[in-house]
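**Student:** This is the structure, below, for whatever I ask next.
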Amino acid sequence: MSTVRTSADPTRRRAATTVRRDKAAGEFLADVLEGLSKPQKTLPCKYFYDARGSELFDEICEQPEYYPTRTETAILDEHLDAIGETMPPGAVLVEYGSGSSTKTRLLLDRLEDLAAYVPVDICDSHLLRSAWQLKAAYPRLTVRPVCADFTKPFRVPRLDGRPRVLFFPGSTIGNFGPADAIALLTGMAEIARPGGGLLIGVDLLKSPHVLEPAYDDAAGVTAAFNLNLLERINREFDGSFDLDAFEHRAIFNADDSRVEMHLVSQTEQVAEVDGTQFRFATGETIHTENSYKYSREAFAGLANRAGWRVETVWTDPLDYFGVHYLVAE
Ligand SMILES: C[S@@+](CC[C@H](N)C(=O)[O-])C[C@H]1O[C@@H](n2cnc3c(N)ncnc32)[C@H](O)[C@@H]1O
């Protein structure tokens, strides 16, 4: 974890960044080796987001099948005045998984009394580029980017003891199973107390005919995003995955109320990562992502268990997506 202003001395700053990158690479390799050793092979979805993965995610957001981005953006746009009235005045906006901070611009344009913006993301290149662009577009705004894995403890700048409103759009909460989602939301409530809140986008349960294409667009961008994970492993850990020998698959698992993404081995094969060999049968999969879908009631129950009360939910006419404002109790 590091904030951009770790030290005024550039040599110390570079050294701190190198230590953080080495630690992150070590954790990534350990997670890959552990995940590929399980009976159902898995890879954590947070590793999708290297520089290329972040670019591909931005392209996914523009695909016609990917309704979440345009739906959430429209809800925010329509209800920002009410959202602003719900939030405490003079708050610091802390965004989890800020990516390109595109939706944030709506908030920055319309919520004039925000004291500062703290984007938090695991992908440092994308985070810093977006932060610089925001700084240029909003010269009077204090922007304090934090490169961190938000599933682990990290420090959020205090900034004059002002209330913190956490912003967690994109239904990224859906990437976590119920226990991990409660743990993450519990940690967020601790950061928001006292007096803060959480503005969170949640993808709602709907027909598999809408859900599955959203994660398997006709242009093949989500497939490229999924396969980029193997390319990243090849590049960073001397891996030998044959990208042509795996195919992207997205399926709705109704029992668990989630869309699953997999990489399906097209043949019997062996792939090596950092000197360790992994054997694949034809049709065997690596499970790379879950996107849990909630009813409003189910999400409210989850939030309650993590110490939050649902203050307001704004939705779209089709009830595809819910933007929730939660208050930490
Ligand atoms: C689904 S994208 C959402 C991006 C953007 N907030 C939006 O609404 O379009 C998830 C974002 O969270 C970041 N991310 C994923 N897992 C993370 C983690 N464990 N810690 C920090 N950032 C993470 C990714 O780099 C990416 O920018």
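**Student:** I need the full set of residues from the range 73-88 which are outside any helix (DSSP H, G or I) and either free of Cβ contacts under 8 Å to residues at least 60 places away in the same chain or closer than 13 Å to Thr312 by Cα (or both), in order please. Give the derivation first.
**Tutor:** Step one: list which residues in the range 73-88 are outside any helix (DSSP H, G or I), which gives 87-88.
Correct list: Met87 only.
**Student:** Filter the range 25-50 down to the residues that are within 13 Å of the ligand (Cβ to nearest atom) and surrounded by fewer than 16 Cβ atoms within 10 Å (Cβ to Cβ), then identify the one that is farthest from Asn226 (Cα to Cα).
**Tutor:** Glu27
**Student:** Within the range 192-210, which residues are closer than 17 Å to Glu72 by Cβ, in contact with a Ser or Thr (Cβ under 8 Å, 6 or more places away or on another chain) and not charged (D, E, K, R)? Even if it seems obvious, please write down each step before you answer.
**Tutor:** Going residue by residue through the range 192-210, those that are closer than 17 Å to Glu72 by Cβ are 198-206, 210.
Narrowing further to those that are in contact with a Ser or Thr (Cβ under 8 Å, 6 or more places away or on another chain): 201-205.
Passing the criteria: Gly201, Val202, Leu204, Leu205.
**Student:** Looking at (1) more than 10 Å from the ligand (Cβ to nearest atom); (2) under 16 Å from Leu199 (Cα atoms); (3) hydrophobic (A, V, I, L, M, F, W, C), which is the only condition Val120 fails?
**Tutor:** Val120 satisfies all of (1) more than 10 Å from the ligand (Cβ to nearest atom); (2) under 16 Å from Leu199 (Cα atoms); (3) hydrophobic (A, V, I, L, M, F, W, C) except (1).
**Student:** Of all residues in the range 147-171, how many are within 9 Å of the ligand (Cβ to nearest atom) and surrounded by 19 or more Cβ atoms within 10 Å (Cβ to Cβ)?
**Tutor:** Summing the residues that are within 9 Å of the ligand (Cβ to nearest atom) and surrounded by 19 or more Cβ atoms within 10 Å (Cβ to Cβ) in the range 147-171 gives 8.
**Student:** Being under 21 Å from Tyr320 (Cβ atoms) and surrounded by fewer than 17 Cβ atoms within 10 Å (Cβ to Cβ) is the requirement here; does Glu212 meet it? So that I can check it myself, show each step before the final result.
**Tutor:** Details: under 21 Å from Tyr320 (Cβ atoms): yes; surrounded by fewer than 17 Cβ atoms within 10 Å (Cβ to Cβ): yes.
Yes.
**Student:** Report, by residue number, each residue of the range 215-232 that is over 19 Å from Tyr67 (Cα atoms) and either free of Cβ contacts under 8 Å to residues at least 60 places away in the same chain or crowded, with 18+ Cβ neighbours inside 10 Å (or both).
**Tutor:** Leu227, Asn228, Leu229, Leu230, Arg232
**Student:** Got at least one residue in the range 309-320 being free of Cβ contacts under 8 Å to residues at least 60 places away in the same chain, basic (Lys, Arg) and closer than 30 Å to Met87 by Cβ?
**Tutor:** Yes: the range 309-320 contains one or more residues that are free of Cβ contacts under 8 Å to residues at least 60 places away in the same chain, basic (Lys, Arg) and closer than 30 Å to Met87 by Cβ.
**Student:** Anything in the range 186-204 that is outside any helix (DSSP H, G or I) and either outside the structural domain of Glu95 (by TED's automatic domain parsing) or within 16 Å of the ligand (Cβ to nearest atom) (or both)? List them, or say none. Steps first, answer last, please.
**Tutor:** The first filter runs over the range 186-204 and keeps only residues outside any helix (DSSP H, G or I), leaving 193-204.
Matches in the range 186-204: Leu198, Leu199, Ile200, Gly201, Val202, Asp203, Leu204.
**Student:** Across the range 272-308, which residue is farthest from the chain's Cα centre (by Cα) among those that are in contact (Cβ under 8 Å) with a residue 40 or more places away in the chain and on the phi > 0 side of the Ramachandran plot?
**Tutor:** Asp274
**Student:** Within the group Ala183, Ala179, which residue is at pLDDT 95 or above and either away from the ligand (no atom under 13 Å from the Cβ) or in a loop (DSSP other than H, G, I, E, B) (or both)?
**Tutor:** On the way: Ala183 fails: either away from the ligand (no atom under 13 Å from the Cβ) or in a loop (DSSP other than H, G, I, E, B) (or both).
Of Ala183, Ala179, the one residue that is at pLDDT 95 or above and either away from the ligand (no atom under 13 Å from the Cβ) or in a loop (DSSP other than H, G, I, E, B) (or both) is Ala179.
**Student:** If only one of Asp180, Asp238, Asp242 is under 18 Å from the mean Cα position of the chain (by Cα), closer than 28 Å to Arg21 by Cβ and free of Cβ contacts under 8 Å to residues at least 60 places away in the same chain, which one is it? Give the derivation first.
**Tutor:** Values: Asp238 fails: under 18 Å from the mean Cα position of the chain (by Cα); Asp242 fails: under 18 Å from the mean Cα position of the chain (by Cα).
Asp180 is the lone residue from the list that is under 18 Å from the mean Cα position of the chain (by Cα), closer than 28 Å to Arg21 by Cβ and free of Cβ contacts under 8 Å to residues at least 60 places away in the same chain.
Matching residues to (1) assigned by TED's automatic domain parsing to the domain that holds Asp81; (2) under 17 Å from the mean Cα position of the chain (by Cα); (3) touching a residue at least 24 places away in the same chain (Cβ under 8 Å); (4) not in a helix (DSSP H, G or I):
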| site | (1), (2), (3), (4) |
| --- | --- |
| Lys103 | yes, yes, yes, no |
| Leu108 | yes, no, yes, no |
| Leu114 | yes, no, yes, yes |
| Val120 | yes, yes, yes, yes |
| Leu127 | yes, yes, yes, no |
| Pro139 | yes, no, no, yes |
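**Student:** Identify the residue in the range 59-108 that is polar (S, T, N, Q) and surrounded by fewer than 17 Cβ atoms within 10 Å (Cβ to Cβ) and, among all such residues, is farthest from the ligand (Cβ to nearest atom). Let's see the steps before the verdict.
**Tutor:** Of all residues in the range 59-108, those polar (S, T, N, Q) come to 63, 69, 71, 73, 86, 98, 100-102, 104.
From what is left, the residues that are surrounded by fewer than 17 Cβ atoms within 10 Å (Cβ to Cβ) are 86, 102.
Values: Thr86: 19, Thr102: 6 Å.
Among residues in the range 59-108 that are polar (S, T, N, Q) and surrounded by fewer than 17 Cβ atoms within 10 Å (Cβ to Cβ), the one farthest from the ligand (Cβ to nearest atom) is Thr86.
The values are calculated or read from the model by the stated rules, or taken from the named source; none is laboratory data. Remember, predicted model here, so these are calculated numbers, not experimental data. Counting neighbours? That spans all protein chains shown, and the Cβs are built from the backbone with ideal geometry, glycine included.
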